[in-house]
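Step one of this worksheet: look at the structure below.
The values are calculated or read from the model by the stated rules, or taken from the named source; none is laboratory data. All of these numbers come straight from a predicted model, not from anything done at the bench. In this analysis, Cβ positions are derived from the backbone assuming ideal geometry, glycine residues included, and neighbour counts consider all displayed protein chains.
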Amino acid sequence: MSRLFRDVDRAMHASQGSVVCIGAFDGLHLGHQALVRRAVEDARARDLRAVAVTFDPLPRQFFARGAGPARLGSTRARVEGLFRLGIDEVALLRFDARLSGLDPETFVSRVLVGALGARAVWVGPDFRFGRARAGDFELLRREGARLGFDACTIEPVGVEAGRVSSTRIREALAAGDFQQAASLLGRPYVIEGRVVRGRQLGRTLGYPTANLRLPGAAAPLSGIFATRVHGLGPEPLDAVSSLGTRPTVGGIEPLLETHIFDFDADIYSRRIGIEFVEKLRDELKFDGLPALVAQMDRDADQARRVLAPLNTRRTA
């Protein structure tokens, strides 16, 4: 049975031990997946539970005081993805001053061994941990020899002559290169969330939208996109999406607004996923609503043309 907990001090210590993997796992890209799968395979071979240790907020966000790199996915998507990869328990630790202040040796003894009963700990290349990032794989290996667990790592995962990394994915998304992003993620880039009520201005303009708030303070991309919507039926639905602050109507907070073609249903509070297929243009500020609507008409026509070949291949 899958299990999620936030506080390792309250974790149920398993006397038989566990196999642990540690990481931010933002986006769960191919490198993360390789690490998690090795840990799961090791756990099955040892007849132990596989535990993923990750953090919320992400350490980079915590130290940047909210101005860190854009998130590639929501916390919920990260946890659900870890469970799909075979993880039995996710330790979603609150990354705060207390946790960040632990020296590496204390983190190992108190969290990995004391709370989780680690018999093996898997980490990625260039892994650093503990106060001031003083811990590395060599320290983990020494502590493992002292405390009775194996320290294990994997080689970097490469795609197209480059190492898979969250930074590389953010760069691809910012450039609108969704094919490259998908090759690094191992799947199309999708933003998931629950549909929230907006100002309903789009409905008055002839373009009702499903609105999603973004995971984190910033998005790795912005603009107008041809998209597909997952979660409302057996097949994805064609759509056109805007991700930005809506400067023409005085918006401030970034919002993902999606107009689903030939669709009229009440989907407030439904969880959906927006798959990004192609960037159409950057977000612009228009001189009034008529100019905005005229551009929305052009965007919708262009999105339909972009998405039409995908529907042809699906029905062939």
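What to note about this one:
- Scope the stretch 213-241; condition aliphatic (A, V, I, L, M), assigned to a strand (DSSP E or B) and closer than 21 Å to LYS285 by Cα; matching residues: ILE224, ALA226, VAL240
- Any hit, the stretch 38-60, residues being among the acidic types (Asp, Glu), on the phi > 0 side of the Ramachandran plot and modelled with pLDDT of 95 or more: yes
- Residue in the stretch 123-134 that is outside the structural domain of CYS21 (by TED's automatic domain parsing) and touching a strand residue (DSSP E or B) at 6+ places or on another chain (Cβ under 8 Å) present: no
- Condition met for ALA291 (loosely packed, with under 11 Cβ neighbours inside 10 Å, out of contact with any strand residue (DSSP E or B) (no Cβ under 9 Å at 6 or more places or on another chain), over 14 Å from LEU212 (Cβ atoms) and not basic (Lys, Arg)): no
- Scanning the stretch 160-172 for residues that are hydrophobic (A, V, I, L, M, F, W, C) and either in the same structural domain as GLY273 (by TED's automatic domain parsing) or under 13 Å from the mean Cα position of the chain (by Cα) (or both) turns up just one, ILE169.
- In the stretch 278-305, the residues that are at negative phi and of a type outside the set (Phe, Trp, Tyr) reach residues that are assigned to a helix (DSSP H, G or I) and at pLDDT below 95 with C-beta atoms within less than 6 angstrom, at least six apart or across chains, in these pairs: LYS285/PRO247; LYS285/THR248; LEU292/THR248.
- Residue that is nearest to the chain's Cα centre (by Cα), among those in the stretch 104-133 that are free of Cβ contacts under 8 Å to residues at least 24 places away in the same chain and at positive phi: ASP126
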